[in-house]
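Readers should treat all values here as calculations from the given coordinates under stated rules, not as data from a laboratory. Please read all numbers here as calculations on a predicted model, not as lab measurements. Note: ideal-geometry Cβ built from the backbone for every residue, glycine included; neighbour counts use all protein chains shown.
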Ligand SMILES: [Zn+2]
Ligand SMILES: [Zn+2]
């Protein structure tokens, strides 16, 4: 991945109030809480406006979570032109700034998390991380300095240059016109634009505030990011933030099949359709290694002797490493087989297939060994904790 930051901060300078953001952040909820009841009172309930708002809300949220965040900020997968155009349009309609600005800020957040260089640093307070950072002007040291790979993307640059057209065009004019077509311009504006913007904006803002305050830290406590199912539910899977900060290049945030991560499901569907590819995934062995190391630190802090728990962790790590290496070998042979023109010859093909078959058997065996070592670790950790607490 390319360098994720724009520049290094030399001397932090005082920051001015960003008045247009203040006006937007104050006015949008006021408009929503006055116009929505007024619309319902004067024109009644029309389910079509609400269904349209829900669909637009999903489209704009996915464009932020799957587009701005996982595609443009983290490059955790690649996508075809139509998907990128969709994100460009509907992400713009979220009123969260251009991709160029959003993704550059976000990369800085990951790189400098919890420090003064982090644009939404939680150590400056919950409300600063939630909304306060938006009402002060950009840090002058970073202002108008963007990540080069994003600047080189002409569509991303175009969206940045004409951002207000994208934002008002798709975010306000479009829902108002759809409302007009459905019989209520006011309904389209109040529900489809104002109410949707307030709800989707704050669900994203909560990732920067709540997900750095409340929740579990299964993978690391070296940063403030936390996993929260409630936030995952509200923000399309983005709430597994402890995992995400630990493994930012993974296109998933919720890694288990039962985790609520609709953004991951959308990327999976796009991949199935051939519109997303090169989906990056951290191996299970690496994830478990972090999880076990974190739990070990916690157990030692609780009073479990390091020398009793350490051998169990090493066994998990060794077994995981072996499994991961075999899997990499298997994939390398498979790729070589696909690329090698000699494979067309029957005897070469057989040779490769034999090699792959053997590697697969070994891989399965080492996977079993890894799972056993992991189960043993879990059992011992539970036992040690009970002993210490007794
Ligand atoms: Zn974060
Ligand atoms: Zn991120």
Legend entry - FRET efficiency, 1/(1 + (r/R0)^6) with R0 30 Å, evaluated for residue 80 and residue 293 via beta carbons: 0.20
Legend entry - Simple spin-label estimate for residue 388 and residue 351 in nanometres, 7 Å along Cα-Cβ: 5.5
Legend entry - Förster-model FRET efficiency, 35 Å R0, residue 136 and residue 273, C-beta, rounded to 0.05: 0.25
Inset, instruction - Using only the Cα atoms of the range 124-171, build the gyration tensor, take square roots of its eigenvalues as a ≥ b ≥ c, and label the shape rounded, prolate or oblate: rounded if a/c is under 1.5, else prolate if a/b is larger than b/c, else oblate. - result: oblate
Inset, instruction - Using only the Cα atoms of the range 154-213, each taken as one equal point scatterer with no solvent, compute I(q) by the Debye sum, divide by I(0), and report log10 of the ratio at q = 0.16, 0.22, 0.28 Å⁻¹. - result: -0.65, -0.85, -0.97
Legend entry - residue 51 versus residue 364: modelled label distance in nm, points set 7 Å from Cα along the beta carbon direction: 4.9
Legend entry - Value of relative contact order over the range 284-389, rounded to a whole percent, pairs C-alpha under 8 Å and six or more apart: 40
Inset, instruction - Work out how much length residue 185 to residue 306 would gain on full extension: take 0.36 nm times their residue separation and subtract the Cα-Cα distance, in nm to one decimal. - result: 36.9 nm
Legend entry - Stretch gain in nm, segment residue 126-residue 329, where the contour uses 0.36 nm per residue and the Cα spacing is subtracted: 68.4 nm
Inset, instruction - Kindly state, as a whole number, the per residue volume in cubic angstrom of the convex hull around the alpha carbon atoms of the range 236-337. - result: 116
Legend entry - Helix-only mean residue ellipticity at 222 nm for the chain, each DSSP H run of n ≥ 4 adding -39500 (n - 2.57), per residue, nearest 500: -19000 deg cm²/dmol
Legend entry - Theoretical FRET efficiency, 1/(1+(r/R0)^6), r = Cβ-Cβ of residue 173 and residue 321, R0 35 Å, to 0.05: 0.05
Inset, instruction - Could you tell me which of rounded, prolate or oblate describes the range 176-258, using a ≥ b ≥ c as the square roots of the eigenvalues of the alpha-carbon gyration tensor, with rounded for a/c under 1.5 and, failing that, prolate when a/b is larger than b/c and oblate otherwise? - result: prolate
Inset, instruction - Taking just the C-alpha trace of the range 284-389, give me its Rg and Dmax in Å. - result: 19.3, 65
Legend entry - Euclidean distance between Cα centres, the range 50-96 to the range 286-322, Å: 39
Legend entry - Rounded Å value of the spacing that divides the Cα centres of the range 194-261 and the range 121-153: 19
Legend entry - Estimated inter-spin distance, residue 258 and residue 338, nm [label 7 Å along Cα→Cβ]: 3.3
Inset, instruction - Quick one: grab the alpha carbon gyration tensor of the range 36-190, order the square roots of its eigenvalues as a ≥ b ≥ c, and give me rounded if a/c is under 1.5, else prolate or oblate depending on whether a/b is larger than b/c. - result: prolate
Legend entry - the chain, relative contact order in percent, only Cα pairs under 8 angstrom and at least six apart counted: 17
Inset, instruction - Could you work out the Rg to Rh ratio of the chain, with Rh taken as the Kirkwood radius (inverse of the mean 1/r over all Cα pairs)? - result: 1.04
